[in-house]
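Structure, as structure tokens:
The values are calculated or read from the model by the stated rules, or taken from the named source; none is laboratory data. What you see is a predicted model, and the numbers here were worked out from it, not measured in a lab. All Cβ positions, even for glycine, are placed from backbone atoms using ideal geometry, and neighbour counts span all protein chains on display.
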2 protein chains.
Amino acid sequence: MARTPRNTLSADLIVRTALELMESKGTDAFSLRGVAAELGVGPMALYTYFRNKDDLYDAVRDHLMGLLPAVPADAAWPDQVRAVCRSLRLLMLQHPCLAQLLASRPLSGHETARVAEGLLGVLRSAGFDPETAARTHTTLFTYVLGATTWEIQMAAERRDPEAWRRLRTSMESLSARDFPTVVELAPELARTTGGNDQFNYGLDLLLAGLTKNKEEEGYSEVPGEVFEEEI
Amino acid sequence: MARTPRNTLSADLIVRTALELMESKGTDAFSLRGVAAELGVGPMALYTYFRNKDDLYDAVRDHLMGLLPAVPADAAWPDQVRAVCRSLRLLMLQHPCLAQLLASRPLSGHETARVAEGLLGVLRSAGFDPETAARTHTTLFTYVLGATTWEIQMAAERRDPEAWRRLRTSMESLSARDFPTVVELAPELARTTGGNDQFNYGLDLLLAGLTKNKEEEGYSEVPGEVFEEEI
DNA sequence: CACCGTACTATACACTGTACGTTAGGAACT
DNA sequence: AGTTCCTAACGTACAGTGTATAGTACGGTG
């Protein structure tokens, strides 16, 4: 019955095909049966490599995390943090499914651990104590997650003319008496639903808060890099 | 045929039933057919009140946003901002479906507008110019969204013993050679996946950044409330 | 060659959202 | 009071979904 030869499938091939489908058809339209059909295989064949759909999601997520570049070595820690956060955002924009994959499943997998290791390492070297480093890591990660998820969502909405029209009219129908500020700032709000500037604004707020905290606690805890030429 | 009498249904009744089901059965297990069955009605009856499932989602979201308290009037602006963000987080924790509803659809509806009006009003009165107010609003909103979504997700994972066990073992199986910082900070990371302290830490970072920016730009732009008794 | 584990197939089930066409309850008007 | 009409709720149907269960044939090993 034209049975496909034996070892044509592999976890990696399935992951790559799944990713392709998510990006061409849209994350919501993704289905196991679609992947199987694309591979010319019955739906159940995938269950040899993944226990269920969520398992495949995890694998796709980790595969994508593997695309993140390493932390730049020769830079001040705030710039290293910026680099990590920005490259995560860019990856999410490039692969919109990643936003949903990150938000709907816990982190696991080697590539994901590698990314966490990078950011945590930066924070520890910068002199943050273990608890503050962990807190900061989670804060930065969740900020990137929220900001970029929102950005992607709004961009998708803008691409659908029907939905976008409904959104605009519902915005414009708001009474200027009841919602004066929203109405007044409508253009600014539309402009700040995404983009590099918006993302960097929030990121720099966080970094400003971090450096401020650090200064107030004094330089005593900063390890290692003491510049002796400054007396 | 035991046809249900005519005006027993209403948009509001459907929304409340949908919300109940989302919270008892879980957001993912929610279905139009489920809510119809709960109301003792055919699935298609709902389409009289909502154009489709997403439309119902929007209505549920706006219903939940209506539960948010007003901004406290007599407080300094940073505390007002804190109050808004914290009450949004608490509402999301109380109704976990809200996280997904906020992340997967654009904002619309009167109650949602009311909340935006509150926060934007605080920022404008505090002296932020329109663009900065809008940027700050989006930043705060997306931070709350990301941080709380993550918190909810991790809490759900913790509740599922099987998933939690797998997560722990995959964490512990990480090589301390390849991921020294992750392994070292594993307990801290586990502790910072949620909770008031973690949320407030990030929120205060943002506020610290905001006040720092404000101080550097000088007091010149602060409108209105000039205290004349201070010469 | 025979064997066996396993990579794949086939079938089936219980679901999903929703398009389409039908029917009957209640209000409004003659 | 009778007729009409609108529309709320119904029934049926379709094209999907994830995955449990059972079967089949291929590839490597004895």
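Remarks
- Residue check for B:Arg124: more than 10 Å from chain A (Cβ to nearest Cβ) and surrounded by fewer than 23 Cβ atoms within 10 Å (Cβ to Cβ): no
- Among the residues of region B:138-152, just one is more than 7 Å from chain A (Cβ to nearest Cβ) and more than 25 Å from A:Leu123 (Cβ to Cβ), namely B:Phe141.
- Listed conditions (1) among the polar types (S, T, N, Q); (2) more than 18 Å from the chain's Cα centre (by Cα); (3) crowded, with 20+ Cβ neighbours inside 10 Å are all met by A:Thr136, apart from (2).
- Residue match in region B:5-22 (condition: within 12 Å of DNA strand C (Cβ to nearest atom), touching a Ser or Thr at 6+ places or on another chain (Cβ under 9 Å) and assigned to a helix (DSSP H, G or I)): yes
- Test result for B:Arg82, farther than 28 Å from A:Arg159 by Cα and either surrounded by 16 or more Cβ atoms within 10 Å (Cβ to Cβ) or more than 16 Å from DNA strand C (Cβ to nearest atom) (or both): yes
- Of the numbered criteria (1) surrounded by fewer than 17 Cβ atoms within 10 Å (Cβ to Cβ); (2) over 27 Å from B:Arg177 (Cβ atoms), the one A:Ala103 fails is (1).
- Unique match (being more than 9 Å from chain B (Cβ to nearest Cβ) and in a helix (DSSP H, G or I)) among A:Ala208, A:Ala155: A:Ala155
- Where A:Pro43 falls short, out of the listed (1) within 14 Å of chain B (Cβ to nearest Cβ); (2) within 16 Å of DNA strand C (Cβ to nearest atom): (1)
- In region B:23-37, residue nearest to the other protein chains (Cβ to nearest Cβ) [restricted to those that are within 11 Å of DNA strand C (Cβ to nearest atom) and loosely packed, with under 15 Cβ neighbours inside 10 Å]: B:Asp28
- Considering residues of region A:24-37 that are at pLDDT 95 or above and not aliphatic (A, V, I, L, M) only, the residue farthest from A:Pro96 (Cα to Cα): A:Arg33
- Residue under evaluation B:Ala29, criteria (1) closer than 16 Å to B:Leu91 by Cα; (2) without any contact (Cβ under 8 Å) to a residue 60 or more places away in the chain, criterion not met: (1)
- Criterion (out of contact with any His (no Cβ under 9 Å at 6 or more places or on another chain), more than 25 Å from B:Gly121 (Cβ to Cβ) and among the charged types (D, E, K, R)) met by exactly one of A:Arg177, A:Arg166, A:Arg191: A:Arg166
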